[in-house]
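A short worksheet on the structure shown next.
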Amino acid sequence: GTTSTDENDRARIGVDILPGGLGRLFFTTGAPNSQVRAMFINENQYIGIGTNAPASILDINSTSGSIINTRYTTTNNLSSNLVLQKSKNATNLGNGAVTDGEVIGRLVWKSNNGSGYNLNSSSEIRAEQVGNASASNNGSRLVFATTPLGNTTFQDRMTIVDNGNVGIGTTAPVSKLEVNGASTN
């Protein structure tokens, strides 16, 4: 069942069976008679933390607003990492080279407009592949984009290309710093 009225329950692992036989797994925590679903795995293998209706592979909903990743180590140069990887393969069992111009990963910020979240109304930092990826080419560029006031589509504002050149107002800087087409060395 989805709830417990047992006064001794503090945590539970349960299963919801949908019509047709598909299963969902949930974990509850809390006080007796008032447990809350802490984690939910639906029939699409989407994981929800703080939500019973995950909309993606990992959907975290919280009133605290923070995700903390801490790494404990006494070894130098071992950091806490967030790694975004992309492979051009239909499954996670194989490898597929990413091609020139493809987005490798993105960090996206979105605000709610009162009706929902608009995918195109955001700020983002994205990494793009430069040249086809291979054992000898891991070229990439970073693009920073924001949405202007009164608009709903973000625009590229600053680009750091594979050779280290930085462009502000241009996506293809030809010098170490290029601002709105004016080059500075």
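The values are calculated or read from the model by the stated rules, or taken from the named source; none is laboratory data. Everything numeric in this text was worked out from a predicted model, so none of it was measured. Note that we place each Cβ from the backbone using ideal geometry, even for glycine, and neighbour counts take in every protein chain shown. Surface areas here come from the heavy atoms of the whole protein model, side chains and all, with no ligands, DNA or RNA. Shrake-Rupley method; radii C 1.70, N 1.55, O 1.52, S 1.80 Å.
Inspect all residues belonging to the stretch 121-128 and state whether any of them is surrounded by 14 or more Cβ atoms within 10 Å (Cβ to Cβ), at negative phi, within 22 Å of the chain's Cα centre (by Cα) and in contact (Cβ under 8 Å) with a residue 40 or more places away in the chain.
Checked against the condition, which is being surrounded by 14 or more Cβ atoms within 10 Å (Cβ to Cβ), at negative phi, within 22 Å of the chain's Cα centre (by Cα) and in contact (Cβ under 8 Å) with a residue 40 or more places away in the chain, the stretch 121-128 yields at least one hit.
Starting from residues that are of a type in the set (Phe, Trp, Tyr) and open to solvent by less than 40 Å² (accessible area, probe 1.4 Å), keep the ones in the stretch 18-51 and report whichever is nearest to the chain's Cα centre (by Cα).
Once the filter is applied, the top-ranked residue is PHE40.
For the stretch 64-117, which positions are touching a strand residue (DSSP E or B) at 6+ places or on another chain (Cβ under 9 Å) and hydroxyl-bearing (Ser, Thr, Tyr)?
Within the stretch 64-117, THR99, SER111, TYR117 meet the criteria.
Name the residue, out of GLY150, GLY131, that is out of contact with any Leu (no Cβ under 8 Å at 6 or more places or on another chain) and free of Cβ contacts under 8 Å to residues at least 12 places away in the same chain.
So the residue among GLY150, GLY131 that is out of contact with any Leu (no Cβ under 8 Å at 6 or more places or on another chain) and free of Cβ contacts under 8 Å to residues at least 12 places away in the same chain is GLY150.
I'm trying to understand the selection: among the residues of the stretch 93-110, which are open to solvent by less than 80 Å² (accessible area, probe 1.4 Å) and either of a type in the set (Ser, Thr, Tyr) or in contact with a Gly (Cβ under 7 Å, 6 or more places away or on another chain) (or both)?
Once the filter is applied, which keeps residues that are open to solvent by less than 80 Å² (accessible area, probe 1.4 Å) and either of a type in the set (Ser, Thr, Tyr) or in contact with a Gly (Cβ under 7 Å, 6 or more places away or on another chain) (or both), the stretch 93-110 yields only THR99.
Counting residues that are at pLDDT below 90 and of a type outside the set (D, E, K, R), which strands (runs of 3 or more DSSP E) fully inside the stretch 26-68 reach at least 3?
The qualifying strands (runs of 3 or more DSSP E) are 34-41.
Among (1) over 19 Å from the mean Cα position of the chain (by Cα); (2) farther than 18 Å from PHE154 by Cβ; (3) surrounded by 10 or more Cβ atoms within 10 Å (Cβ to Cβ); (4) not basic (Lys, Arg), where does ASN76 come up short?
(3) is the only condition that ASN76 fails.
Tell me whether the stretch 80-92 contains one or more residues that are part of a loop (DSSP other than H, G, I, E, B), among the basic types (Lys, Arg) and either out of contact with any helix residue (DSSP H, G or I) (no Cβ under 8 Å at 6 or more places or on another chain) or open to solvent by less than 100 Å² (accessible area, probe 1.4 Å) (or both).
Within the stretch 80-92, one or more residues are part of a loop (DSSP other than H, G, I, E, B), among the basic types (Lys, Arg) and either out of contact with any helix residue (DSSP H, G or I) (no Cβ under 8 Å at 6 or more places or on another chain) or open to solvent by less than 100 Å² (accessible area, probe 1.4 Å) (or both).
Restricted to the stretch 158-178, and to residues that are under 13 Å from PHE144 (Cα atoms), under 24 Å from the mean Cα position of the chain (by Cα) and at pLDDT 95 or above, which residue is least open to solvent (accessible area, probe 1.4 Å)?
THR159
Kindly indicate whether any position in the stretch 174-185 is of a type in the set (S, T, N, Q), under 28 Å from ILE67 (Cβ atoms) and part of a loop (DSSP other than H, G, I, E, B).
no
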